[in-house]
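Notes to accompany the following structure.
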Ligand code: NAP
């Protein structure tokens with residue numbers, strides 16, 4: 001075990017999480033790439049990072065399951081050391097539909113990953129980081145969404161509401177642990193080119209909507225990763241409970 005800083009990126013196998021994992025590794029962090037089912041992408045990313053001289057492990061864990069989250073953090077304790085940065089990024093949405101078509105199963109599955117998963121990972125991070133528990137402090141970045149403010153009508157209000165909950169989680173937890181060495185901040189991406197839009201049934205969604213973005217284009221995962229990295233770094237040492245929109249003005 002050495003003194004290398006340790007970052008856990010949930011949902012790190014693809015999209016915004018993968019870009020974030022690479023950026024942290026390039027900046028000297030030992031990185032844990034968490035994923036749910038896409039072992040191939042997660043392992044390929046870990047190999048890519050290692051080939052560039054970085055330190056990276058990949059761990060399968062469904063963040064909506066408490067036992068999986070416990071195993072994820074214990075595995076990181078053992079293999080990398082105590083976590084100093086948690087990027088809560090694993091998120092899902094489902095097929096676009098109006099609210100009156102939504103089943104309880106669908107709504108619950110969104111909330112379990114996007115809300116309960118974030119809470120559980122925050123809990124395990126705080127137990128390890130808080131000076132109250134003998135920890136050395138740390139930083140938590142929650143990846144929310146511009147959807148928290150727009151509400152995503154006719155697409156996925158359930159997803160948007162889950163992100164509203166993350167904004168509230170960020171505010172409450174940031175104040176709860178502000179005097180315990182932990183900063184908690186939030187990045188709210190706008191329309192970013194990843195696989196996620198295909199899960200909603202519209203892979204080309206950004207092309208349909210991009211004329212409504214003031215900057216007239218979708219964003220890149222790397223652009224979100226840079227915002228996450230800044231909020232995790234000492235350059236933002238007096239920022240907590242803050243929200244950084246990465247949305248081209250939307
Ligand atoms: P993505 O490309 O669809 O990737 C989702 C990631 O989350 C994958 O690594 C996936 O793992 C993982 N994941 C899903 N459910 C999980 C679970 N239960 N446990 C652990 N990992 C799980 O998504 P993205 O677009 O990069 O989105 C990342 C975050 O940004 C999400 O929170 C999303 O809500 C937010 N966001 C995205 C956009 C956008 O336009 N893309 C906009 C605003 C906010 P597998 O690879 O194993 O499936």
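Things worth noting here:
- Identity of the residue in the range 1-35, free of Cβ contacts under 8 Å to residues at least 60 places away in the same chain and farther than 13 Å from residue 83 by Cα, that ends up surrounded by the fewest Cβ atoms within 10 Å (Cβ to Cβ): 28
- Residue that is nearest to the ligand (Cβ to nearest atom), among those in the range 37-69 that are part of a helix (DSSP H, G or I) and touching a residue at least 40 places away in the same chain (Cβ under 8 Å): 69
- Test result for residue 25, under 23 Å from residue 129 (Cβ atoms) and part of a helix (DSSP H, G or I): yes
- For residue 160, the conditions (1) more than 19 Å from residue 17 (Cβ to Cβ); (2) away from the ligand (no atom under 12 Å from the Cβ); (3) touching a helix residue (DSSP H, G or I) at 6+ places or on another chain (Cβ under 6 Å); (4) part of a helix (DSSP H, G or I) all hold with the exception of (2).
- Condition met for residue 134 (at pLDDT 95 or above and within 16 Å of the ligand (Cβ to nearest atom)): no
- Just one of the listed residues (82, 92) is touching a residue at least 60 places away in the same chain (Cβ under 8 Å), surrounded by fewer than 24 Cβ atoms within 10 Å (Cβ to Cβ), within 16 Å of the chain's Cα centre (by Cα) and part of a loop (DSSP other than H, G, I, E, B), namely 92.
- Of residues in the range 95-113 being assigned to a loop (DSSP other than H, G, I, E, B) and within 16 Å of the ligand (Cβ to nearest atom), the one surrounded by the fewest Cβ atoms within 10 Å (Cβ to Cβ): 95
- Residue in the range 180-189 that is in a helix (DSSP H, G or I), modelled with pLDDT of 95 or more and over 19 Å from residue 241 (Cβ atoms) present: no
- Residue identified as within 16 Å of the ligand (Cβ to nearest atom), within 27 Å of residue 112 (Cβ to Cβ) and without any contact (Cβ under 8 Å) to a residue 60 or more places away in the chain among 213, 228, 182, 140: 140
- Qualifying residue in the range 203-222 (condition: within 15 Å of residue 92 (Cα to Cα) and at pLDDT 95 or above): yes
Every residue, every condition in (1) buried (at least 20 other Cβ atoms within 10 Å of the Cβ); (2) closer than 16 Å to residue 152 by Cβ, yes or no:
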site: 173; (1), (2): yes, no
site: 188; (1), (2): yes, yes
site: 202; (1), (2): no, yes
site: 207; (1), (2): no, no
site: 210; (1), (2): no, no
site: 217; (1), (2): no, no
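- Of note, residue 115 does not satisfy the criterion of being in contact with a strand residue (DSSP E or B) (Cβ under 7 Å, 6 or more places away or on another chain) and farther than 20 Å from residue 81 by Cβ.
The values are calculated or read from the model by the stated rules, or taken from the named source; none is laboratory data. All of these numbers come straight from a predicted model, not from anything done at the bench. All Cβ positions, even for glycine, are placed from backbone atoms using ideal geometry, and neighbour counts span all protein chains on display.
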